[in-house]
Amino acid sequence: MVVDLYDPDSYVGAPPHEVLAELRRTQPVYFQAMADEPGYWMVLKHADVVHVAREPKLFSASEGGVMLENLAPEQLDMMRNMLLAMDPPRHVDYRRPIAPRFKARVIANMEDQIRGICREIMDAAAEQKDVEFVHDVTSTLPSRVIGQLMGLPAEDLPMIHRLAEMNTSGQDSDYAADVSQGTIDMAMYAIQFAARRRAEEPRADLTTLLLETDFNGTYMTDLDFGSFFVQLVTAGNDTTKTMLSSGLRALLDHPDQLADLRSDRGLVPGAVEEILRYENPLHYFRRTATADAQLRGVDIVAGDKVVMFYTSANRDEDVFDDPQRFDIRRSPNPHLSFGIAEHFCLGVHLARLEGRVFFEELLATFPTIEMTGEPVRIRSNLNNALKSLPVRLAR
Ligand code: HEM
């Protein structure tokens, strides 16, 4: 096997699905070297990804963070303030008090707001007609929705949106220069926002909840709030955009299924799940082994990087029939695009709601949608995403 699965160039044309399928057969726990630091074990089978996710003490998110690259100590410290990179019991202390705010029933109350935002986006797109779908159509929805959730002032949203866009993949030369500046500026904004909000009356939003919650004996400082805020905006921004833009591309590539979806909108929730399986927005998250272990007979040594590779697990032949086929009627569809277990995506219901409402409004507004140029993918071994998708929308 000669493909370097660390090299972001290996993902530019398309994810290397054929290589991954062969590795699932021959080396399902595959070691990928890196040039400047220790390489990592790629966990390619669905059952093994689930196993790693369910053993958060043995496979730690905190020890080395969740990215392939080891971080500098101060960056790792900042990362550890995010849920994503906490281990139990601290993880549970922080997740439990905020989880009720993200429950399906609570998030369902946001449907009208989300539909309103989607309609505004569609109206603006209808005026443009020829659009670059990623930026012109999908990009403001996630930051506006997070703005609602956090109670951000409407006039700050364009700036948050701009900073969130800067956070996009640092491996792509179109974005690289600005990435860390985007993160720093957003954390600075959040720290000032927290200080302002502490001086005001509490409100019924997530900001008040975060600032006033007793996380097992500790309260968030403004700095903690800054890290948390960056995580929420970053976690929910690119991923949601990708679901919408890669989703449209998959539907345009399968016109018969797009036609079915147009004639039966009841198929939309299933289509969103299949989009998430087939076009998982994130390729992976990493863990670090805290003790020697075995995975499918392979010896893992304490300190090794262990990577849950969703792009492969979502197409595991042992779990999905005809896994390389896009099928909006696929059921069951136990994809792992939101992870599983301890760190299962907190925003899952919000993402699903945004996906359903967005596609309902898109299809209702535009009877004709066609691609007008080649889509371009981001150069990244983490973000499985498009950076441009030129389309014509006709009312
Ligand atoms: C299609 C959209 C999305 C995808 C594909 C996605 C994917 C993921 C994945 C794979 C994880 C698990 C990480 C791990 O196991 O290490 C995760 C965690 C998380 N996601 Fe999402 N996400 C999406 C949308 C959102 C949204 C909209 C929000 C919030 C507004 C959000 C907030 C979070 C948070 C806070 C975590 C950390 C949970 C924890 O560590 O306990 N996500 N997401």
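The values are calculated or read from the model by the stated rules, or taken from the named source; none is laboratory data. Keep in mind that this is a model prediction, so the values were computed, not measured. Cβ: placed from backbone, ideal geometry, glycine included. Neighbour counts: every protein chain shown.
Condition check ((1) part of a loop (DSSP other than H, G, I, E, B); (2) not basic (Lys, Arg)) across all residues:
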position	(1), (2)
Asp322	yes, yes
Ser337	yes, yes
His349	no, yes
Arg379	yes, no
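Close contacts from region 356-367, counting a first residue that is under 13 Å from Val137 (Cα atoms) and a second that is buried (at least 18 other Cβ atoms within 10 Å of the Cβ) and of a type outside the set (A, V, I, L, M, F, W, C), with Cβ to Cβ under 8 Å and a gap of 6+ residues or different chains, come to Phe358/Thr138; Phe359/Gly247.
Residue-wise test of (1) modelled with pLDDT under 90; (2) under 24 Å from His349 (Cβ atoms); (3) assigned to a helix (DSSP H, G or I).
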{"residue": "Ala177", "(1), (2), (3)": "yes, no, yes"}
{"residue": "Gln181", "(1), (2), (3)": "yes, no, yes"}
{"residue": "Glu200", "(1), (2), (3)": "no, no, no"}
{"residue": "Leu210", "(1), (2), (3)": "no, yes, yes"}
{"residue": "Gly226", "(1), (2), (3)": "no, no, yes"}
{"residue": "Ala235", "(1), (2), (3)": "yes, yes, yes"}
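When you look at Ser263, is it surrounded by fewer than 19 Cβ atoms within 10 Å (Cβ to Cβ), modelled with pLDDT of 95 or more and over 29 Å from Pro56 (Cβ atoms), yes or no? Steps first, answer last, please.
On the way: surrounded by fewer than 19 Cβ atoms within 10 Å (Cβ to Cβ): yes; modelled with pLDDT of 95 or more: yes; over 29 Å from Pro56 (Cβ atoms): yes.
Taking the combined requirement at face value, the residue satisfies it.
Residue count for region 309-347 satisfying the condition of being under 9 Å from His46 (Cβ atoms), surrounded by fewer than 17 Cβ atoms within 10 Å (Cβ to Cβ) and away from the ligand (no atom under 16 Å from the Cβ): 1.
Out of (1) in a helix (DSSP H, G or I); (2) touching a helix residue (DSSP H, G or I) at 6+ places or on another chain (Cβ under 7 Å); (3) modelled with pLDDT under 90, the odd one out for Glu165 is which? Looking at each condition in turn, Glu165 falls short on (2). Residue check: is Pro323 touching an Asp or Glu at 6+ places or on another chain (Cβ under 7 Å) and either among the acidic types (Asp, Glu) or closer than 19 Å to Ala271 by Cβ (or both)? Answer is yes for this residue.
Kindly indicate whether Val301 is touching a His at 6+ places or on another chain (Cβ under 9 Å) and either modelled with pLDDT of 95 or more or of a type outside the set (Ser, Thr, Tyr) (or both).
It is false that Val301 is touching a His at 6+ places or on another chain (Cβ under 9 Å) and either modelled with pLDDT of 95 or more or of a type outside the set (Ser, Thr, Tyr) (or both).
There is no residue in region 361-370 that is within 23 Å of Arg95 (Cα to Cα), more than 7 Å from the ligand (Cβ to nearest atom) and part of a helix (DSSP H, G or I). On inspection, Arg95 does not qualify as more than 9 Å from the ligand (Cβ to nearest atom), in a helix (DSSP H, G or I) and surrounded by fewer than 20 Cβ atoms within 10 Å (Cβ to Cβ).
Considering (1) part of a loop (DSSP other than H, G, I, E, B); (2) surrounded by 19 or more Cβ atoms within 10 Å (Cβ to Cβ), say which one Val391 fails and leave the rest. Unmet for Val391, out of (1) part of a loop (DSSP other than H, G, I, E, B); (2) surrounded by 19 or more Cβ atoms within 10 Å (Cβ to Cβ): (1). Taking (1) more than 18 Å from His91 (Cα to Cα); (2) within 16 Å of the ligand (Cβ to nearest atom); (3) not hydrophobic (A, V, I, L, M, F, W, C) in turn, Asn216 satisfies each apart from (1).
Test Val29 against the criterion of being closer than 29 Å to Glu18 by Cβ, within 19 Å of the chain's Cα centre (by Cα) and hydrophobic (A, V, I, L, M, F, W, C), and give yes or no.
Working: closer than 29 Å to Glu18 by Cβ: yes; within 19 Å of the chain's Cα centre (by Cα): no; hydrophobic (A, V, I, L, M, F, W, C): yes.
Judged against the criteria, Val29 is not a match.
From the residues in region 98-125 that are under 20 Å from Asn216 (Cα atoms) and touching a residue at least 60 places away in the same chain (Cβ under 8 Å), which one is surrounded by the fewest Cβ atoms within 10 Å (Cβ to Cβ)?
The initial filter retains those residues of region 98-125 that are under 20 Å from Asn216 (Cα atoms), namely 98-102.
Subset that is touching a residue at least 60 places away in the same chain (Cβ under 8 Å): 98-99, 101-102.
On the way: Ile98: 17, Ala99: 12, Arg101: 14, Phe102: 17.
The qualifying residue surrounded by the fewest Cβ atoms within 10 Å (Cβ to Cβ) is Ala99.
Tell me, which residue of region 240-284 that is in a loop (DSSP other than H, G, I, E, B) and within 14 Å of the ligand (Cβ to nearest atom) is farthest from Leu350 (Cα to Cα)? Lay out the reasoning, then the answer.
Taking region 240-284 first, the residues in a loop (DSSP other than H, G, I, E, B) are 254, 264, 279-281, 283.
Imposing the further condition that a residue be within 14 Å of the ligand (Cβ to nearest atom) reduces the set to 279-281, 283.
Details: Glu279: 18, Asn280: 16, Pro281: 15, His283: 20 Å.
Going through the qualifying residues, I end up with His283.
Can you name the residue in region 69-92 that is crowded, with 19+ Cβ neighbours inside 10 Å and farther than 22 Å from Gln181 by Cα and is also nearest to the ligand (Cβ to nearest atom) among such residues? The residue in question is Met86.
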